[in-house]
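One structure below.
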Amino acid sequence: MKLIIENLGPIKKGEIDLSKRLYLFVGYNNSGKTYMAQVFWKLCQNFLEISADNVSIKEIDEIDFTKDKNIEKEIELTPEFINHILEQILENLNLHHLLGIEKKHHLLGNVKLDFEYSMEKIFAKKEQRRVLVNNYLFYFHKNKDSNTLRLEVKTESNSKSLYGIKELVKAKFYDFLWSLFTQKTRPPFFLPAS
């Protein structure tokens, strides 16, 4: 998967291949290296620290967590579903906050951010993860050459309080998608150099 950045300061068009393990931005002064690095860092933070209040995942929102302790859900990974997720990530970037400028600043006037990805590469991946949080076991599984993602949520807790469980499921779901798209399980760190 690639992040495409257009018309951000001196950057007319740039791309970042999100499947790499190391990113090094090299160029002349005022060529946009810092902008690229900051946008990339913010994107990673958004994916891994997404607020469930800012996103909607119909397939998860429809689950009634009060009925059963053990939930199983198949989610089809269609281009429409993936585009919906990625559009929400880009909407929540808030570049003006990141760059410390006004929302209507001329620097952001024609900025375009987009993703380029291959459904074949996503389908070809096999990925699974188990996560235990607050007595809840989250299990995400995607078989190789499959376009469905299996979500299971289980708990042994007798607690009637399910406050925040849907938000927790969404956050872990986004984390799993990030690893599916980029092969990363940890957030990157940003080390500026001068």
Study note, to complete from the structure: The lone condition residue 1 fails out of (1) touching a Leu at 6+ places or on another chain (Cβ under 7 Å); (2) at pLDDT 90 or above is (2)
Exercise for review: Sort through 141, 96 and tell me the only one that's open to solvent by less than 70 Å² (accessible area, probe 1.4 Å), in contact with a His (Cβ under 7 Å, 6 or more places away or on another chain) and not β-branched (Val, Ile, Thr).
Suggested key: 96
**Study point:** Matching residues in region 91-121 - criterion: being closer than 18 Å to residue 15 by Cβ and in contact with a Phe, Trp or Tyr (Cβ under 8 Å, 6 or more places away or on another chain)
**Key:** 117
Exercise for review: Could you list all residues from region 1-24 that are in a loop (DSSP other than H, G, I, E, B), within 28 Å of residue 82 (Cα to Cα) and open to solvent by 40 Å² or more (accessible area, probe 1.4 Å)?
Suggested key: 19, 20, 21, 22, 23, 24
Practice item. Check off (1) within 18 Å of residue 44 (Cβ to Cβ); (2) buried (at least 19 other Cβ atoms within 10 Å of the Cβ); (3) aromatic (Phe, Trp, Tyr) for residue 117 and give me the number that stays unchecked. Key: (2)
Check your understanding: For region 146-182, how many residues meet the condition of being of a type outside the set (Phe, Trp, Tyr), modelled with pLDDT under 75 and exposed (fewer than 15 other Cβ atoms within 10 Å of the Cβ)?
Key -> 7
Review point. Pairs under 7 Å by beta carbon, first residue touching a residue at least 24 places away in the same chain (Cβ under 8 Å) in region 93-105, partner of a type in the set (D, E, K, R) and open to solvent by 40 Å² or more (accessible area, probe 1.4 Å), six or more apart or different chains?
Key: 93/42; 98/42
Point to revise | Pairs, first touching a residue at least 40 places away in the same chain (Cβ under 8 Å) in region 24-41, second among the hydroxyl-bearing types (Ser, Thr, Tyr), C-beta under 9 Å, six or more apart | key: 37/23; 40/23
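The values are calculated or read from the model by the stated rules, or taken from the named source; none is laboratory data. Because the structure is a prediction, the values reported are computed rather than measured. Don't worry about glycine lacking a Cβ; one is built from the backbone with ideal geometry, like all the others, and counts go over all protein chains shown. These accessible areas exclude ligands, DNA and RNA; they are computed on the full protein's heavy atoms, side chains included. Shrake-Rupley method; radii C 1.70, N 1.55, O 1.52, S 1.80 Å.
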